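Below is one structure, written out as structure tokens, with a few remarks after it.
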Amino acid sequence: MAQVSIDLDMKRVTNKEFLEKAIQCEPVLKETMVKPVSIVDIKKSKDSYPQAVKVDDAENMSKYHLKKGDTICLDFGRHQVGYVTLKLSSVGSPQDAPAYFRLKFGEIAKEMTENSEDYDGWISRGWIQEEFIHVDVLPAVLALPRRYAFRFLEISVIDTSLKWQMVVKDVACKAVSAVSQEDVPCIKVNDGLLQKIDQVSLLTLQNCMQSVFEDGPKRDRRLWLGDLRLQALANYSTFRNMDLVKRCLYLFAALTRDDGRIGACLFIEPDYIVDDTFFFDYSLFFVAALYDYYMESGDKETLKELWPSAYRQIELTQKEFGEENLIDNQDSMFCFIDWTEGLDKQAAAQAVYIYCVKRGMEIARILGDEESAKRLAEEIKYKTEASLTNLWDEKQGLFVSGKERQVNYASQVWMILAGVVDSEHGAAILDQLISLSPDKKMVSPYMNHHFVEALFMCGKKKEAIDYMKYYWGGMVSLGADTFWELYNPENPAESPYGSSIVNSYCHAWSCTPTYLIRKYFEEDK
Ligand code: RAM
């Protein structure tokens with residue numbers, strides 16, 4: 001079972017002024033009414049990704065008289081996040097028993113073929129989007145209180161009676177988001193697959209941009225710092241909703257542990273509250289996210305106000321280093337990096353630290369805080385030297401991690417992104433990595449994003465584009481209209497949760513191709 005680093009005894013503190021600023025930036029969500037486009041049949045197949053086959057137009061749904069055991073599956077055309085209302089009635093004799101039916105929502109066709117009773121994973125089955133409903137009196141308008149993330153809605157009648165049947169007269173979804181994909185111009189790249197990848201990235205980001213940048217509108221519907229950093233980058237290249245980023249930064253700075261440590265994620269309901277999960281890398285990414293925000297918005301006031309919170313993350317994470325300026329060996333979930341089983345995170349965590357401290361040093365310089373800038377420059381020097389002396393394996397031409405000197409993707413990628421090696425050296429490392437193909441690869445689109453960014457940074461444009469087409473294009477070829485939380489092309493059913501039923505298929509950290517294409521590629525074509 002995967003574990004996270006949890007601090008059950010933590011004391012929380014709230015900076016009311018910061019919280020107030022975050023509340024002032026709360027977006028008014030745009031609402032769009034969406035109707036299903038067709039009735040489909042999702043064919044169970046040996047193929048792990050079944051497709052939905054159209055059997056009728058959605059406007060014919062009221063022609064279906066549903067009795068015990070009957071099912072109809074509606075396709076809303078593409079992924080939606082919103083509130084669903086159904087108009088139901090009956091035909092036949094007077095309604096002499098309740099209508100009893102099951103509603104099942106799925107983000108992709110595969111979910112519709114999975115049986116929730118089989119779920120035996122370690123996170124809550126409550127995330128499975130399924131309702132068992134009784135309606136005593138028809139006709140009725142059923143307005144569901146939950147917000148769903150879905151493209152497909154299956155209505156299965158468990159029972160009516162022998163004398164009457166249920167009719168679904170109309171179904172509508174009030175879709176919500178802080179932004180609208182239609183406001184973003186298409187990429188100027190003459191490549192159909194890249195255009196498609198860009199559009200799918202945009203819809204992913206749009207549907208995650210709610211009251212905060214959620215990680216996934218199906219699950220966990222929370223603001224996670226690692227996801228936020230990437231969403232914000234994608235947002236700068238597309239929607240440019242600066243207030244939503246500002247809101248999230250102020251929320252993280254407002255809601256901390258009593259020592260100032262920023263949590264890995266936070267909740268906004270019923271109250272604003274920071275979770276008790278902490279990751280070394282996620283706390284540090286507050287520094288990087290603040291830096292990126294300033295570079296894009298020029299909002300120096302926010303930079304100045306939040307700099308002490310950012311600096312505090314460096315001070316606190318600094319304690320994780322031993323005398324020789326190397327991260328002490330820790331339990332595997334002290335730092336996130338990726339969901340890869342058995343991944344040794346020492347080298348990647350060391351590099352994330354250097355990456356973030358470099359951005360911290362830049363902030364200090366921008367704000368004229370010369371003393372901190374000097375201290376951070378020394379910190380970068382020591383940690384970089386320690387990495388090159390202890391974690392670089394000259395014989396293998398790769399970085400190693402931990403006591404077992406594990407070779408993995410994450411260490412190389414993060415050492416490159418952190419600038420521990422220059423781009424020429426980085427290119428050689430990537431060549432060596434790809435040809436060696438070590439066991440410990442990448443699982444999440446989050447880690448794959450960093451790999452692609454490293455390729456771009458080392459001048460490997462063609463490889464980066466080819467890899468994006470292979471990885472994100474792989475999801476497109478399996479029918480994705482939003483990108484997924486997890487995708488391992490070599491094992492498409494993989495899930496860190498014990499079962500893919502609870503995987504999220506519109507997930508923030510996979511939306512970055514729109515950023516990568518626009519930043520590194522578009523101007524060339
Ligand atoms: C998962 C979520 C989230 C991510 C964490 C670390 O629970 O998918 O997006 O940031 O992992």
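The values are calculated or read from the model by the stated rules, or taken from the named source; none is laboratory data. All values reported here derive from a predicted model rather than from experimental measurement. Backbone-built Cβ (ideal geometry, glycine too); neighbour counts: all protein chains shown.
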Determine whether region 457-479 contains at least one residue that is modelled with pLDDT of 95 or more and touching a strand residue (DSSP E or B) at 6+ places or on another chain (Cβ under 9 Å).
no
Take the residues of region 483-501 that are under 25 Å from LEU202 (Cβ atoms) and within 14 Å of the ligand (Cβ to nearest atom): which is nearest to the chain's Cα centre (by Cα)?
GLU485
When every residue in region 192-214 that is more than 13 Å from the chain's Cα centre (by Cα) and either modelled with pLDDT under 95 or β-branched (Val, Ile, Thr) (or both) is compared, the one surrounded by the fewest Cβ atoms within 10 Å (Cβ to Cβ) is VAL200
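Here is a list: ILE327, ILE268, ILE273. Which entry is of a type in the set (Val, Ile, Thr), more than 25 Å from SER237 (Cβ to Cβ) and crowded, with 22+ Cβ neighbours inside 10 Å?
Details: ILE268 fails: crowded, with 22+ Cβ neighbours inside 10 Å; ILE273 fails: crowded, with 22+ Cβ neighbours inside 10 Å.
It is ILE327.
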Report yes if some residue within region 194-214 is of a type outside the set (S, T, N, Q), in contact (Cβ under 8 Å) with a residue 60 or more places away in the chain, under 23 Å from LEU284 (Cβ atoms) and not in a helix (DSSP H, G or I); otherwise report no.
yes
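Could you tell me which of the residues LEU19, LEU88 is surrounded by 13 or more Cβ atoms within 10 Å (Cβ to Cβ) and assigned to a strand (DSSP E or B)?
Values: LEU19 fails: assigned to a strand (DSSP E or B).
Within the list LEU19, LEU88, the selection yields LEU88.
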Among the residues of region 296-317, is any in contact (Cβ under 8 Å) with a residue 24 or more places away in the chain, buried (at least 23 other Cβ atoms within 10 Å of the Cβ) and within 14 Å of the ligand (Cβ to nearest atom)?
no
Evaluation of LYS441 against (1) within 29 Å of TYR382 (Cβ to Cβ); (2) in contact (Cβ under 8 Å) with a residue 60 or more places away in the chain (one fails), failing number
(1)
I'd like the full set of residues that are over 19 Å from GLU463 (Cβ atoms) and either within 13 Å of the ligand (Cβ to nearest atom) or part of a loop (DSSP other than H, G, I, E, B) (or both), limited to region 502-525.
VAL502, ASN503, SER504, TYR505, CYS506, HIS507, ALA508, TRP509, SER510, CYS511
Index of the failed condition, ILE366 passing every other in (1) more than 19 Å from GLY322 (Cα to Cα); (2) of a type in the set (Val, Ile, Thr); (3) within 30 Å of the chain's Cα centre (by Cα)
(3)
Of the numbered conditions (1) part of a helix (DSSP H, G or I); (2) under 22 Å from the mean Cα position of the chain (by Cα); (3) surrounded by fewer than 18 Cβ atoms within 10 Å (Cβ to Cβ), TYR291 satisfies every one except a single condition; which is it?
(3)
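On the given criteria, is MET475 touching an Asp or Glu at 6+ places or on another chain (Cβ under 6 Å) and within 16 Å of the ligand (Cβ to nearest atom)?
Numbers: touching an Asp or Glu at 6+ places or on another chain (Cβ under 6 Å): no; within 16 Å of the ligand (Cβ to nearest atom): yes.
Here the answer is no, as MET475 does not meet what is asked.
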Mind checking which pairs have a first residue in region 363-388 that is free of Cβ contacts under 8 Å to residues at least 24 places away in the same chain and a second that is among the basic types (Lys, Arg) and assigned to a helix (DSSP H, G or I), Cβ under 7 Å, 6 or more apart or different chains?
ALA373/ARG365
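Determine whether SER62 is surrounded by 15 or more Cβ atoms within 10 Å (Cβ to Cβ), out of contact with any His (no Cβ under 7 Å at 6 or more places or on another chain) and either more than 30 Å from ILE268 (Cβ to Cβ) or of a type outside the set (Phe, Trp, Tyr) (or both).
Values: surrounded by 15 or more Cβ atoms within 10 Å (Cβ to Cβ): no; out of contact with any His (no Cβ under 7 Å at 6 or more places or on another chain): yes; either more than 30 Å from ILE268 (Cβ to Cβ) or of a type outside the set (Phe, Trp, Tyr) (or both): yes.
Here the answer is no, as SER62 does not meet what is asked.
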Every listed condition ((1) in contact with a Leu (Cβ under 6 Å, 6 or more places away or on another chain); (2) within 16 Å of the ligand (Cβ to nearest atom)) holds for TYR49 save (2)
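How many residues, within region 21-62, are farther than 30 Å from MET242 by Cβ and in contact with a strand residue (DSSP E or B) (Cβ under 8 Å, 6 or more places away or on another chain)?
So the first thing to find is which residues in region 21-62 are farther than 30 Å from MET242 by Cβ, and the list is 35-62.
In the following step, the residues that additionally are in contact with a strand residue (DSSP E or B) (Cβ under 8 Å, 6 or more places away or on another chain) were identified as 35-43, 50-58, 60-62.
The qualifying residues number 21.
Can you pull out the residues in region 415-437 that are in contact (Cβ under 8 Å) with a residue 40 or more places away in the chain and touching a strand residue (DSSP E or B) at 6+ places or on another chain (Cβ under 9 Å)? Walk me through how you get there before you give the answer.
Narrowing region 415-437 to residues in contact (Cβ under 8 Å) with a residue 40 or more places away in the chain: 415-420, 436.
Passing the criteria: MET415, VAL420, LEU436.
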Restricting attention to region 119-176, which residues are within 16 Å of the ligand (Cβ to nearest atom), outside any loop (DSSP other than H, G, I, E, B) and out of contact with any Lys or Arg (no Cβ under 8 Å at 6 or more places or on another chain)?
ARG125, GLY126
Kindly list the number of the only condition in (1) touching a residue at least 60 places away in the same chain (Cβ under 8 Å); (2) closer than 15 Å to VAL357 by Cβ; (3) among the β-branched types (Val, Ile, Thr) that fails for ILE327.
(1)
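Residue-wise test of (1) on the phi < 0 side of the Ramachandran plot; (2) in a loop (DSSP other than H, G, I, E, B); (3) of a type in the set (D, E, K, R).
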| residue | (1), (2), (3) |
| --- | --- |
| ILE337 | no, yes, no |
| LEU343 | yes, yes, no |
| ALA347 | yes, no, no |
| ARG359 | yes, no, yes |
| GLU371 | yes, no, yes |
| LYS374 | yes, no, yes |
| ALA377 | yes, no, no |
From VAL245, VAL212, grab the single residue that is within 14 Å of the ligand (Cβ to nearest atom), of a type in the set (Val, Ile, Thr) and not assigned by TED's automatic domain parsing to the domain that holds ASP299.
VAL212
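Quick check on this structure: which one of ASP338, ASP344 is farther than 30 Å from LYS16 by Cα, within 16 Å of the ligand (Cβ to nearest atom) and either at pLDDT below 95 or not basic (Lys, Arg) (or both)?
Numbers: ASP344 fails: within 16 Å of the ligand (Cβ to nearest atom).
Residue meeting the stated conditions: ASP338.
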Suppose we filter region 391-408 for residues that are farther than 29 Å from ARG365 by Cβ and touching a residue at least 60 places away in the same chain (Cβ under 8 Å); how many remain?
5
How many residues of region 452-471 are buried (at least 22 other Cβ atoms within 10 Å of the Cβ) and not β-branched (Val, Ile, Thr)? The answer is 6
